[in-house]
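Here's the structure we're looking at; comments come further down.
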Amino acid sequence: MSSGGWIVVLAVTLGYLLASLVIGVLSGRRISKGTEGYVAGDRGLGFISLYFIMGASIFSAFAFLGGPGWAYSRGAASFYILAYAAVGLTPWYFLAPKISRLGRERGYVTQAELFADRFQSKSLSAILAVISILGFLPYLTLQIKGAGYVFAVVTEGRIPVWAGALIAYGVVLIYVFKSGVMGVAWTNTMQGVFMLVLAWSLGLYLPAKLYGGVGPMFDQLADQVPELLRAPGLAADGSAWTWGGYSSAVAISTIGFSMWPHYFMRIFTARSERSLKQMVVFYPTFGIFLIPILFIGFCGVLRFPGVEPADTILPTILTSLDLPAVVIGLFCAGALAASMSTGDALLHASGSVLVRDLYRVLVRPDIDDAQQTRFIRILVVVIGAIAFYFAVASDLSLVLMLLLSYGFVAQIMPVFVVTFFWPRASRAGVVAGLVTGCLVTAIWNLWPELQWNEIHPGLWGLAAHIVVLFAVSKLTRPIDPVHTGPFLGT
Amino acid sequence: MRRARRAVALFFLVAFLSLIWPVYSYFAGERPLVLGMPLSLFYVAAWLVASFLVLLGLFLLEER
């Protein structure tokens, strides 16, 4: 890039941020003032918004920077992202319309409200809220960090990581605070379109420029580094990854994916059952859009060996190709879009879950709707500040927290299944199962010597969870069939 | 309609099992290149496209 080019790059990036801010703030004008409006968008989101709000979540900072990084350093291991995008959301096709209907009838706006109502349990609500927050915080922190790095790279260090993170997430905070889920939905639509265009143009342009096309690129790679392209690819240390590690990563992601509380809440934002189904049908197309993102990483293998850390492979290629500053600016804006479109949803969900599922349930059942919304807004700012602190000032290991959170979130799946299919499941059974599952997951994470064939700790947690859920339910009193009827009937 | 829904649910179970060990290990090689992609990638991408088409088919059937 020519000297002074960074000013153009910065201008393009700031232009994108301004557009996000305007769209985000304006989008909240027409929603009602209560939690139904702020958290569930008055249950009025159509197919397009739902599609992008869910799609943007897979295009997180992980996919945009981490995806090429994985393809570059671990090769075929990165295909696991595509595998879970293919099947992960399918349970929703069959059950989301019913969940949406129940939500409308019984006033749910969060995931825990559904389960707590089904099992008549305040502790279930509180446990789910804690799992959610434990899952959200490391992800949010990672997104904020990602945004900070983007600024630092494009301005060649003139804007430090903390300031970049502050600018990007300042914008996010403003539109989430003002517009709630509508701000998330409309900015995600814009960010989603933008990322798709960018992913495809870069993913096809770079192999063409560096190798003469995607086919010739893989041809050379298959000759020179066949082990990289052979599934299950490589482990983080460069040795061959095991099938146990790969398969259980696919399994835990597939099981956990549709259970993430901030995705799950989107079911309650849908305008109709039809728009929900359409969204699930088209969801795998986002997985297809990820393929060119992986091409970018593979591009670097032969032409740019030894890049550390691997996540910087995309910026490294871009800055070394002598591209016009505007193109690099667009890439930076795209990377910011990926980070922000995930971070905003996490931030919004954290505030909503803490107020609706923890504070309202355990501390103040009488809190009125307007106060709840006010309180959610305050918490959005507080959580943003905490995650910002972790992102720029703390050395806390995010890796362990991320591993834990995926294992924890997958533990929600058995609760989901028995909610709709097993009348005999009791309150004590569900709570005991969930707690056991999380504990076993944590133990297997903390003591790696318990590992066997690199099977993901969350799967051991699930096994223990299911046994305990079944046994305790059989030993305790089931929930009154009159109450469970609407959940179990078709 | 119920049968169609069951068949699709079964398809997704098969898809999931096909994307992990042991089935995937038979399609895990770097060659042949299909549509320019190594077999290991094409195989996963093909399931992705198939998942989309199957669910789209069920949706259109239910819409009728």
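The values are calculated or read from the model by the stated rules, or taken from the named source; none is laboratory data. Predicted model only: the values in this text are computed from it and were never measured. Every residue, glycine as well, gets a Cβ built from its backbone with ideal geometry; the counts of neighbours run over all protein chains shown. Areas reflect the complete protein model, heavy atoms only, side chains present, ligands, DNA and RNA absent. Shrake-Rupley method; radii C 1.70, N 1.55, O 1.52, S 1.80 Å.
One table, with the values for the structure above:
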| item | result |
| --- | --- |
| Alpha-carbon Debye profile of the protein assembly as shown, log10 I(q)/I(0) at 0.06, 0.07, 0.08 Å⁻¹ | -0.28, -0.38, -0.51 |
| Portion, in percent, of the accessible area of chain A that falls on carbon or sulfur, probe 1.4 Å | 68 percent |
| Ratio of Rg to Rh over region A:271-327 (Cα coordinates, Kirkwood Rh, two decimals) | 1.24 |
| Peptide A:80-92, shielding by other chains (average Cβ, 10 Å cutoff) | 5 |
| Model label zone, A:Val417; criterion: amide N under 17 Å from point 7 Å along Cα-to-beta-carbon; scope region A:459-477 | A:459-474 |
| Alpha carbon centroid spacing (whole Å) that separates region A:412-462 from region B:16-64 | 29 Å |
| Estimated distance in nm for a label pair at B:Leu61 and A:Lys98, the labels positioned 7 Å out from Cα along Cα-to-Cβ | 1.9 nm |
| Within region A:317-358: backbone nitrogen closer than 19 Å to the A:Ile48 label point (7 Å, Cα to C-beta) | none |
| Region A:93-134 - convex hull of the alpha-carbon atoms, volume per residue in Å³ | 75 Å³ |
| Range of Cα positions in region A:132-227 per principal axis (Å), largest first | 52, 31, 29 |
| Mean separation of Cα contacts under 8 Å, 6 or more apart, over the residue count of region A:387-458: relative contact order % | 38 percent |
| Estimated FRET transfer efficiency (A:Glu227, A:Asp366; beta-carbon r; R0 60 Å; 0.05) | 0.45 |
| A/B buried area, accessible surface, summed, 1.4 Å probe, Å² | 3100 Å² |
| Estimated inter-spin distance, A:Arg424 and B:Phe27, nm [label 7 Å along Cα→Cβ] | 3.8 nm |
| Evaluated over chain B, the Cα radius of gyration and Dmax, each in Å | 14.1, 42 |
| Where N is the number of residues in region A:274-382, Cα Rg divided by 2.2 N^0.38 Å | 1.62 |
| C-alpha long axis of helix B:39-63 to longest principal axis of chain B, angle in ° | 10 degrees |
| Two-decimal ratio, region A:411-490, of alpha-carbon radius of gyration to 2.2 N^0.38 Å | 1.23 |
| Between helix A:427-446 and chain A: long-axis angle, C-alpha atoms, 0 to 90°, nearest 10 | 30 degrees |
| Full-extension gain in nm, A:Lys122 to A:Val326, via 0.36 nm per residue minus C-alpha separation | 68.1 nm |
| Two-decimal Rg/Rh across region A:1-137, once Rg and the Kirkwood Rh are taken from alpha-carbon atoms | 1.05 |
| Spherically averaged projected area in nm², based on the convex hull that wraps the Cα atoms of region A:163-303 | 11.8 nm² |
| Ranked packing of A:473-482, B:39-48, A:376-385, most packed first, by mean Cβ within 10 Å | B:39-48, A:376-385, A:473-482 |
| Compactness relative to 2.2 N^0.38 Å, alpha carbon Rg of region A:101-166 | 1.77 |
| For region A:354-446, radius of gyration divided by Kirkwood radius, i.e. Rg to Rh on alpha-carbons | 1.06 |
| Difference of contour (0.36 nm per residue) and Cα-Cα distance, A:Lys209 to A:Ile378 | 55.9 nm |
| For B:18-29, mean number of other protein chain Cβ atoms within 10 Å | 6 |
| Filter on A:Lys33/A:Lys98; A:Lys178/A:Lys277; A:Lys145/A:Lys277; A:Lys209/A:Lys277 - keep pairs with C-alpha separation over 31 Å | A:Lys145/A:Lys277; A:Lys209/A:Lys277 |
| Shielding by other protein chains, A:217-227, mean Cβ within 10 Å | 3 |
| Relative contact order computed over region B:2-63 (Cα-Cα under 8 Å; 6+ residues apart), in percent | 31 percent |
| Over region A:5-396, relative contact order from alpha-carbon pairs under 8 Å, at least 6 apart, % | 40 percent |
